[in-house]
Amino acid sequence: MKISREVKTAIFVIFCTILIIFGYTYLKGVSIFKNEKTLYSIYDEVEGLAKGANVTMNGMIIGKVIEINFSDDFQGIKVTYTIPKKINLSKKSRAILYEVGVIGGKAISIEPIFSNSLIVSDGDFLESSIKPGFTELINQQIAPIQDKIEGMLTSVDSIFGGISNVMNNKTQDNLKKSLQNFSLSIKNINELTNLMKDIISSNEETINSSFKNINKTSQNLIQITDSILLSQIKPMIDNFEEVGKKLNLTLEKIDNDKGSIGKLLNDKTLYNNLVNSSKKLEELIIDLKSNPKKYVHFSLFGRRN
């Protein structure tokens, strides 16, 4: 059976149309054979998110964003996206909107919770959240610094305002005069310094000779002081030496049993006699206290016992 050219053309056109529809839906992230679940999430703002953006889980791409529109009550943005049917997530899982890069746009990351109960099905809503991006983190860090800088600028403005109020025309004139006087004082100091240099350079020889005379005078004073000290100290030293010699002679005589002190210190017999005499004297005193009548005689009539 011969197929006419018109039939071939019609078949080709239909095939091309199917191919175009398949390619378009694939590029949009919509599956033709419906092996995916369609899920929804509501966000406050989705700046940077576009149709066809990736839906990831643990860093792996599992779906695409297929539609972005207002929610039914216009209180947020409803994002429609797909995930494979074979992934059984719990309805407690979250869809996090995050920034892919500085200029890479945004995507959705599923934070999965796997559970045998409350499995998400086609058309369900997942809880949503927004992860701060790099630029937002920078803005959060810069915001306090910006506030401090603004406060400093305000303080500086107030300071300059106070200065401008204080620095009226009269104050400015006084300040100018003070600066002029200060400059004049510095000029006078410089002139005085130059004058001193000239005086010192012209009298350098005289000053040097004066310092030499001062050195000689100080040396003479030192010599005079030394001679005075020596004249006073030498007799004292001689006296000490004489006393030392006499003391040595006295000690030698004592050590050689010469004189009473030497005999007293070195003769044991004399020592023993003194001890015995002391004992006898002590006995005599005791007996005198015990028998006073034995030694003292007293009578009114002149009788004797």
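Restricting the range 45-60 to residues that are closer than 18 Å to F114 by Cα and of a type in the set (A, V, I, L, M, F, W, C), which is surrounded by the most Cβ atoms within 10 Å (Cβ to Cβ)? Checking each candidate, the answer is V55. Checking L229, L284, L265 one by one, the residue that is at pLDDT 70 or above, over 60 Å from the mean Cα position of the chain (by Cα) and surrounded by 10 or more Cβ atoms within 10 Å (Cβ to Cβ) is L284 and no other. Restricting attention to the range 63-73, the residues that are surrounded by fewer than 18 Cβ atoms within 10 Å (Cβ to Cβ) and part of a strand (DSSP E or B) total 4. Residue-level analysis places L249 outside the set of residues that are surrounded by 11 or more Cβ atoms within 10 Å (Cβ to Cβ) and either at pLDDT 75 or above or aliphatic (A, V, I, L, M) (or both). Tell me, which residue of the range 96-134 that is of a type in the set (A, V, I, L, M, F, W, C), more than 16 Å from E47 (Cα to Cα) and not in a loop (DSSP other than H, G, I, E, B) is nearest to the chain's Cα centre (by Cα)? Ranking the qualifying residues of the range 96-134, first place goes to I110.
The values are calculated or read from the model by the stated rules, or taken from the named source; none is laboratory data. Source: prediction; values computed, not measured. Note that each Cβ is placed from the backbone with ideal geometry, even for glycine, and that neighbours are counted across all protein chains shown.
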